[in-house]
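To keep things clear, I will list the structure first and then write my remarks on it.
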Amino acid sequence: MKLFIYNGTVVNANGSEKTDVLIEDSIITKIGIDIVEPDDCKKINADGLLVIPGGIDPHTHLEMPMGDLRTADGFENGGRAALSGGTTTIIDFVNPVRGQSFLHTFDQWLERAQKATCNYSFHVTVTWFDQSVADEMRILAEEKGVNSFKHFTTYRDTIMLDPDSMLQSFEQVKELGCLCTVHAENDEIITFLQRKLLSQGITHPRGHVLSRPPIAEGEATHRVIAIAKVVEVPLYIVHLSCADALRAVVSAQQKGQEVYAESLCGHLLLDESVYFAKEREVAARYVMTPPYRTQEHRDALWDGLASGAIQTTASDNCTFTQENRNRGLDDFTKIPNGSPGIEDRMRIIWDQGVRTNKLTPEQFVAVTSTNAAKIFNIYPRKGLIAPGADADIVLWAPTKQHRVSAQTHLHAIDYSVFEGFTFTGTPLLTILNGEIVFENSEVTARPGQGQYIQRPQF
Ligand SMILES: [Zn+2]
């Protein structure tokens, strides 16, 4: 299959130019204005459109088991949602249950992802640690294409790692030439506040945001930065949501420490007032961790993206049905956490970032694709339009509008936290591994068309 994209403006993180692109099989083979296109290629007129690297969403949870529940979006429909929004690669999470083999769990996830419609890769969560875990981490890094391991400082009953184990895991990650990622919130503060709120009779979903204040996130972020500093391992803070945590990151970066931060499209858009909706069923839809914050914190996140202190944007796509959420209507601590976003992430960043002049189109490409490719070591194979790179490409219509509705979205849930928003800037066409998979508002990707992306050690 050969594709020739002409008349468009190619936008990479390091610059833009009006030029043409030739794709042969799954690789970009030529860029230029003097390409003689082969006879047997399909020609795509990109007049008025931006030709950008396919988005990389470095944080998703598709078909993730949680207790007796499972996230609603799977690798098939979730991948389609991603492609329709301009994302061609996701990095999902393998979460071993404590005591369970990491390799066994990794194989389970890989099996579920066989039907993926977009490209995928995996972080592995370190939920417990001993020598057998250390050995399996080595196999994951050396043979399975995993170069990032996640750690939790909260959720004590399930996946939180105790501080001693965290130090040991960080050291093993460093030894393997991999990257530590962390979900940073102070578990003791949160548990204390949850008990206090419930004892005061506050069971409404607003208890979720009241029990997870920015200071709890700021403290834990500061703490894991210190641990990473001692071990001298690169650190990536997932879903950084507030000014408190960003201050800790910026301070470390200024001292030369290798610390990266990720922001979520939801945190960049929504306000904490959503938790105060009178109707509990509505408020419960927004429960995710960390919670949505106030304008002050959103402003800090946008400043961080613009300055480069925050490098990536993700969705943390983790969808639960209304029925699942209703389990916690009388106790906010029992509401399953998570939000959609895999479909609308790039539209939100363009609409709220580029349209409002907070980011340039090149910065948009950097924070939606290129930086994630670099940090997770798949650059320049991904995140760049250049000869030799994989042909994951999006034709972006910068002024076309898209209205979000649960009636039309590709998520497997019957509501949307972005319901009614109209975003300016949306994909017209998406190319995955050299094949058109989204065109004329329709996703045509087949189950299994997504490829597993191995990420080498550093
Ligand atoms: Zn997550």
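Observations
- Selection within the stretch 165-220: residues that are within 30 Å of PRO456 (Cβ to Cβ) and among the β-branched types (Val, Ile, Thr). The member of this set that is surrounded by the fewest Cβ atoms within 10 Å (Cβ to Cβ) is VAL182.
- Breaking point among (1) within 16 Å of the ligand (Cβ to nearest atom); (2) touching a residue at least 60 places away in the same chain (Cβ under 8 Å); (3) within 26 Å of ALA116 (Cα to Cα), for MET288: (2)
- Per the conditions (1) free of Cβ contacts under 8 Å to residues at least 40 places away in the same chain; (2) of a type outside the set (Val, Ile, Thr); (3) within 16 Å of the ligand (Cβ to nearest atom); (4) buried (at least 20 other Cβ atoms within 10 Å of the Cβ), the sole criterion not satisfied by MET160 is (4).
- Verdict on LEU62 being within 16 Å of the ligand (Cβ to nearest atom) and in contact with a helix residue (DSSP H, G or I) (Cβ under 7 Å, 6 or more places away or on another chain): yes
- Test: residue in the stretch 385-401 that is away from the ligand (no atom under 16 Å from the Cβ) and more than 30 Å from GLU24 (Cα to Cα): yes
- Subset of the stretch 225-271 that is surrounded by 21 or more Cβ atoms within 10 Å (Cβ to Cβ) and touching a Cys at 6+ places or on another chain (Cβ under 8 Å) - its residue that is nearest to TYR292 (Cα to Cα): TYR236
- Residues in the stretch 272-285 that are of a type in the set (Gly, Ala, Ser) and either in contact with a helix residue (DSSP H, G or I) (Cβ under 9 Å, 6 or more places away or on another chain) or within 15 Å of the ligand (Cβ to nearest atom) (or both): ALA277, ALA283, ALA284.
- Only residues that are hydrophobic (A, V, I, L, M, F, W, C) and assigned to a loop (DSSP other than H, G, I, E, B) were counted across the stretch 365-401, and they come to 7.
- Test set (1) of a type in the set (A, V, I, L, M); (2) within 16 Å of the ligand (Cβ to nearest atom); (3) farther than 17 Å from VAL94 by Cβ - VAL126 fails condition number: (3)
- Residue in the stretch 221-239 that is of a type in the set (Gly, Ala, Ser), within 16 Å of the ligand (Cβ to nearest atom) and under 30 Å from ASP135 (Cβ atoms) present: no
- Contact map, the stretch 240-264: first residue in a helix (DSSP H, G or I), second residue polar (S, T, N, Q) and buried (at least 21 other Cβ atoms within 10 Å of the Cβ), Cβ cut-off under 8 Å, separation 6 or more or different chains; pairs are ASP244/THR221; ALA245/THR221; ALA248/THR221; VAL249/THR221.
- One residue stands out among those in the stretch 293-321 that are touching a strand residue (DSSP E or B) at 6+ places or on another chain (Cβ under 9 Å) and either assigned to a helix (DSSP H, G or I) or of a type in the set (Lys, Arg) (or both): the one that is farthest from the ligand (Cβ to nearest atom), which is TRP302.
- The sole residue among THR117, THR29, THR105 that is away from the ligand (no atom under 16 Å from the Cβ), touching a residue at least 60 places away in the same chain (Cβ under 8 Å) and either in a helix (DSSP H, G or I) or under 21 Å from the mean Cα position of the chain (by Cα) (or both) is THR117.
- The stretch 300-330, subset touching a helix residue (DSSP H, G or I) at 6+ places or on another chain (Cβ under 6 Å) and polar (S, T, N, Q), residue nearest to PHE75 (Cα to Cα): SER315
- Residue selected from the stretch 35-59 under the condition part of a loop (DSSP other than H, G, I, E, B) and within 32 Å of the chain's Cα centre (by Cα), by the criterion surrounded by the most Cβ atoms within 10 Å (Cβ to Cβ): GLY54
Bear in mind these aren't lab numbers, they're just calculated from the coordinates by the rules spelled out. Source: prediction; values computed, not measured. Here the Cβ is made from the backbone with ideal geometry for all residues, glycine too, and neighbour counts use every protein chain on show.
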